[in-house]
Amino acid sequence: MWATALRELKYHPARYVATLLAVAISVGFMAAASILTATESHAMSMQKAAPYTAADMVFTPPSRPADQAAATAAPTVAEVTEAIAQVPGVANVEPLLQTSTVITRDAKTEFSNLTALPSSDFRTVTLKEGAFPEPGQILLNSALMKNLGVSIGSTVKVDGEEVTVSGVSNDPTSLMLGNPAYLNLQWYEDTWGEPFVYSAHWLVRLAPDADSAAVTEAIDAATSQLGLVGSTQTEADFFAGAANSFTNGIDSFKYLLWVFAGVALVVGLITIANTFTILLTGRQRQIGLIRAIGATGKQVRHSIWAEGIILGLIGSLLGVGLACGLSALLGLFTGSIRFGLSVPLRDTVIAIALGVIVTFIACVAPARRATRIPPIEALQPAASAVVTRQVSIARAVICGLFIAAGVAGSILALTVMTSSALVTAIASAMCLAIGVLFGARLFVPGLLRGLAAVVKHWGPAANVATKNVVRDPRRAAATATALMLAVGLIVTLQVGSASIERTLTDKIETEFPIDLTLEPT
C-alpha cells in the first residue's frame, strides 16, 4: 500500500496540489499563531531585559504599600543606593529609572519607554549616530526619529519639557512595547524631582572575589533596615522571573489565536475532505481497473489512506515553513525579527501531528465511498442511484443534527450571558459550519439546476456550461463547498472584526458619556 501511494505521488504530483495547499494553510495558521507570539514574546523579553544585562545582580523593591503613611516614610532612592554600596562585595551600584511616556513634535506623538541613561559601567545602549545625551538632551532610536520627523539637533517635548535630540541609538524598533529613548540621569532627577523608590530597580556589579549568595543576603538585610523589604536576584534569575510578566499579554493573544486556529482546523478538514472527494471521483475508472485485476477494496482503501498520511506530513512541513516566513515578515514590520525567529518545538510538533491526523481523517470517508463501488460499476460514468440515495439520507440526518445543535447553541449563547457564552458560541458556530458545508450535496445540486434553468437560455456556451455543471452533482457540490469555505472565512473575519469594534465603541460610549476632554499641558 505504501509503494502504491508513493507511486501515485511520484507520477501524478499535479493531482495533489490542492490537497497540499489545504493542509499547508491549515497547519500554517496553527503554527503561525505560536511562532509569531513566541517571536514577539522573545523580542519583548530581550528589549525589556537589555538595561539589566550589564549587571551581576538586580535589587527589586516591593510593590507600593497600600498604607499611604508607609509609602510616605519610605527611604529615598539615594539612601537605598548608599546602603547597597556599603555592602561588602559590591563594586558598584546604580538605580535604573524607567517610565512610559509620550514624546511630541508639533502635531506628531509617539509612545516611548523612557530610561534615565545609566553610567558607562551599566550602559548597554550603543550609538548609531550623534552623542549620548547631556542635560536637556534626549537619545532616540531610528523609529522615533522617523515617526516624529526629527533629526539630530531638533527639539521635542517630553511631558511638557523641551529637549534636544543628541543622537540615534542602535536599539531595534518595536510596535509592542514602544520605542526606547534615553535622557541624562542627572537632568532626569533635577527636572522631575526625587524618583519614587518603588518604581526603581538597582543594578549591582560585584567585586571579582565576591560570594553572590553572601552578597544577596547582605543586600536584603541592608535594605530591610531601611524598611524596604525587596528581593535581590542574579541577572539571569531576574530575567527569567520577569519574562513572564513582560510577555503575559502576548501569551494571552496566542490563546486567542488558537481559537481561530481551531476554526481553521475544522475548515481545513472540510476542504481536504472535499478535495479528496474531487480527486477520487476523477480517479474512479483507475480504481475500478485496479479492483478488476485483483486488488481488494481494503488494499485500495489502505493505499489511499497512506496517500493521506504522506500528504499530511508533506503539507504540514510546508505549512510550518509558511508560518516561519509569515512570522518573519511580520517580525520585520514589528521589529521583533532583530532578536531572531523563535520556533516553539512543542507547539510546532503538535501542529504537524494535527495536520497529519486531520488529513488522514479527511480521506477516510472519500476512500470508503470510492472503494465501496463494485469494479464494473466504477468503470461507468456515474454511481448508481441507490448508493447516492443511501448516502444522501445518512448525510441529511447527520447534518440536520449538527445544524440543530448549532442553532440551539447560538440561541443559548445569546440569551444566557454566562462565563462560558463565548465557548458555547464558538462550538455552535462550528456545528453550523459543519452541518451546512457537509450538507452542501443536499441543496447545492437543486440550486444549480434552478440556476441552470435560467442561464441555459443565454446562448450555446451557457447551455453547454449548465449541462456540464449539473451532469455530476457530487463534484459540483464539492467545488461549491470549497468556494463557500473561502468566501465564508473572509466574511467571518470581516464581520467578526467589525462586531468587536462596534461592541467596544458602544461599551466606551456607555461608560464614558462625554463629548470633550480637557488635559493640562
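The values are calculated or read from the model by the stated rules, or taken from the named source; none is laboratory data. Remember, it's a predicted structure, so these values are computed and weren't measured experimentally. Note: ideal-geometry Cβ built from the backbone for every residue, glycine included; neighbour counts use all protein chains shown. The accessibility values were calculated without ligands, DNA or RNA, using every heavy atom of the protein model including side chains. Shrake-Rupley method; radii C 1.70, N 1.55, O 1.52, S 1.80 Å.
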(Q) Quick check on my filter: what residues within the range 457-473 are surrounded by fewer than 14 Cβ atoms within 10 Å (Cβ to Cβ) and of a type in the set (S, T, N, Q)? (A) N468
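Could you say which residue among A18, A43 is open to solvent by less than 10 Å² (accessible area, probe 1.4 Å) and modelled with pLDDT under 80? Steps first, answer last, please.
On the way: A18 fails: open to solvent by less than 10 Å² (accessible area, probe 1.4 Å).
Of A18, A43, the one residue that is open to solvent by less than 10 Å² (accessible area, probe 1.4 Å) and modelled with pLDDT under 80 is A43.
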**Q.** Single residue of the range 46-71 satisfying the filter (at pLDDT 75 or above and hydroxyl-bearing (S, T, Y)) that is least open to solvent (accessible area, probe 1.4 Å)
**A.** Y52
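Restricting attention to the range 155-205, report how many residues are over 30 Å from L228 (Cα atoms) and outside any strand (DSSP E or B). Explain how you work it out, then say what you get.
Filtering the range 155-205 for residues over 30 Å from L228 (Cα atoms) gives 155-158, 160-176, 178-179.
Pick out the ones that are also outside any strand (DSSP E or B) and you get 160, 170-176, 178.
Result for the range 155-205: 9.
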Q. Looking only at residues in the range 116-146 that are farther than 27 Å from L206 by Cβ and without any contact (Cβ under 8 Å) to a residue 40 or more places away in the chain, which one is most open to solvent (accessible area, probe 1.4 Å)?
A. K146
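Report yes if R389 is under 23 Å from A427 (Cβ atoms), part of a helix (DSSP H, G or I) and modelled with pLDDT under 80, otherwise no. Outline the logic, then answer.
Details: under 23 Å from A427 (Cβ atoms): no; part of a helix (DSSP H, G or I): yes; modelled with pLDDT under 80: yes.
No.
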(Q) For the structure I just gave you, tell me whether I290 is more than 37 Å from the chain's Cα centre (by Cα) and assigned to a helix (DSSP H, G or I). (A) yes
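Give the residue that is farthest from L269 (Cα to Cα), with candidates limited to residues of the range 286-341 that are charged (D, E, K, R) and open to solvent by 30 Å² or more (accessible area, probe 1.4 Å).
R338
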Q: Within the range 302-343, track down each residue that is in contact with a Pro (Cβ under 8 Å, 6 or more places away or on another chain) and closer than 15 Å to Y16 by Cα.
A: I304
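For the range 72-87, which residues satisfy the criterion of being surrounded by 15 or more Cβ atoms within 10 Å (Cβ to Cβ) and at pLDDT 80 or above? It would help to see each step written out before you state the result.
Within the range 72-87, the subset surrounded by 15 or more Cβ atoms within 10 Å (Cβ to Cβ) is 74-75, 77, 80-81, 83-85, 87.
Listed by number, the residues that qualify are P75, V77, V80, T81, A83, I84, A85, V87.
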Q: State which residue is farthest from the chain's Cα centre (by Cα) when the search covers only the range 351-373 and only residues that are in contact (Cβ under 8 Å) with a residue 60 or more places away in the chain and open to solvent by 30 Å² or more (accessible area, probe 1.4 Å).
A: R372
Q. Which ones in the range 393-408 are surrounded by 15 or more Cβ atoms within 10 Å (Cβ to Cβ) and either more than 18 Å from V266 (Cα to Cα) or at pLDDT 85 or above (or both)?
A. C399, F402, I403, A405, G406
Q. Looking at (1) farther than 29 Å from A273 by Cβ; (2) surrounded by fewer than 16 Cβ atoms within 10 Å (Cβ to Cβ), which is the one condition that is false for R346?
A. (1)
Q) Mind checking which residues of the range 437-449 are without any contact (Cβ under 8 Å) to a residue 40 or more places away in the chain and open to solvent by 40 Å² or more (accessible area, probe 1.4 Å)? A) F443, L447, L448, R449
Q) Counting only residues that are open to solvent by less than 40 Å² (accessible area, probe 1.4 Å) and closer than 13 Å to N179 by Cα, how many does the range 91-109 have? A) 2
